[in-house]
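Structure first, then comments.
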Amino acid sequence: MNGTIAIRILQDPPLDGPTNMARDEALLKSVGEGASPATLRLYQWDPPTISLGYFQHYADYEALDPPASRLAVVRRTTGGGAILHDLELTYSLTLPVSHPLLSNGADWLYGLAHDAIVACLTELGAQTARAGRSDDSGAARGPFFCFHRRHAFDLLLGSEKIAGSAQRRTAHAILQHGSIILGNRYEQQSTATVSVPFDRAVRRLRAILASHLATLSGEEFQSGEWERPEVTAADSLTAKYVGEEWTRRV
């Protein structure tokens, strides 16, 4: 490709929920300020964690039966239903609002990212497709778990959801992050899964997601590292995601 190297890829080791959410928020702010490049971040979760959507009630988490009610919990800045993060690859794509991938609007980005995920899952032997229509779930209503809801851009394997995404938008940047389920040890969040070794799935998802988005944007992706100011900003946000004021805000 002859395009400019403009989108950085960060791949983190498995991290806890507050650290993961703090890092996504720090990227949204830094990219919006022009201090960081557009960034595709790939990450995993340890320990297994439930992330609550921005508008969800903490009491609904407390009302869950075990084992879900005993898992770590964090609140996202994005809406939608809760997600039980365990054997999955999570991506976040943070772009300035002027980025070519947003030229047709923020909603279009869902389709671009999910089409890339479809291509990868097809290579891994999972024939997925968009749900095509949304149910009546909203930001503050619907089943507790996101993977029991349906949005038109969600990816289904048969009748079960295997990938979904959500966005946080500011005046200067957009963060889209989403979960791609590779295995499931918790029946309370029923999902489809991919029957391939976890490490292989992660490698192929990284390569194909970057390749498809690079083709669409005309810009190259290149592996990068966290800059010290970004890490410092993320570290300063971690206390917010650990604290009860944020986690129990609704």
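The values are calculated or read from the model by the stated rules, or taken from the named source; none is laboratory data. It should be emphasised that the depicted structure is a prediction, and the values quoted were computed from it without experimental measurement. Please note: Cβ atoms are built from the backbone with ideal geometry, for glycine as well, and neighbour counts cover all protein chains shown.
A few remarks follow.
- Qualifying positions in the stretch 181-198 - closer than 16 Å to Ala126 by Cα and either small (Gly, Ala, Ser) or without any contact (Cβ under 8 Å) to a residue 24 or more places away in the chain (or both): Gly183, Ala192, Ser195, Pro197
- Residue pairs whose Cβ atoms lie under 6 Å apart, separated by 6 or more positions or on different chains, with the first residue in the stretch 5-23 and more than 21 Å from Thr78 (Cβ to Cβ) and at pLDDT below 95 and the second surrounded by 16 or more Cβ atoms within 10 Å (Cβ to Cβ) and among the charged types (D, E, K, R), are Ala6/Glu219.
- Complete set of residues in the stretch 86-144 that are touching a residue at least 40 places away in the same chain (Cβ under 8 Å) and among the aromatic types (Phe, Trp, Tyr): Tyr91, Tyr110, Phe144
- Unmet requirement for Ala152, which otherwise passes all of (1) under 29 Å from Ser103 (Cα atoms); (2) touching a residue at least 24 places away in the same chain (Cβ under 8 Å): (2)
- Breaking point among (1) modelled with pLDDT under 95; (2) of a type outside the set (S, T, N, Q); (3) more than 18 Å from the chain's Cα centre (by Cα), for Val231: (1)
Listed here are the residues, each with its yes/no results for (1) within 23 Å of Ile181 (Cα to Cα); (2) hydroxyl-bearing (Ser, Thr, Tyr); (3) not in a helix (DSSP H, G or I).
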| site | (1), (2), (3) |
| --- | --- |
| Arg206 | yes, no, no |
| Ala210 | yes, no, no |
| Leu213 | yes, no, no |
| Leu216 | no, no, no |
| Gln222 | no, no, yes |
| Pro229 | no, no, no |
| Ala233 | no, no, no |
| Arg249 | no, no, yes |
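- Looking at the stretch 30-113, the strands (runs of 3 or more DSSP E) lying wholly inside it that each contain 1 or more residues that are in contact with a His (Cβ under 6 Å, 6 or more places away or on another chain), surrounded by 16 or more Cβ atoms within 10 Å (Cβ to Cβ) and at pLDDT 95 or above sit at 38-43, 49-52, 88-96.
- Taken over the stretch 72-95, the residue count meeting the criterion of being closer than 17 Å to Ile162 by Cβ and not hydrophobic (A, V, I, L, M, F, W, C) is 7.
- Ala139 modelled with pLDDT under 95, under 16 Å from Leu213 (Cβ atoms) and surrounded by fewer than 18 Cβ atoms within 10 Å (Cβ to Cβ): no
- Considered as a group, the residues in the stretch 51-90 that are of a type in the set (Val, Ile, Thr) and under 13 Å from the mean Cα position of the chain (by Cα) include one that is nearest to Ala239 (Cα to Cα), and that residue is Thr77.
- Residue ID - nearest to the chain's Cα centre (by Cα), chosen from residues in the stretch 155-203 that are within 21 Å of Arg75 (Cα to Cα) and charged (D, E, K, R): Arg168
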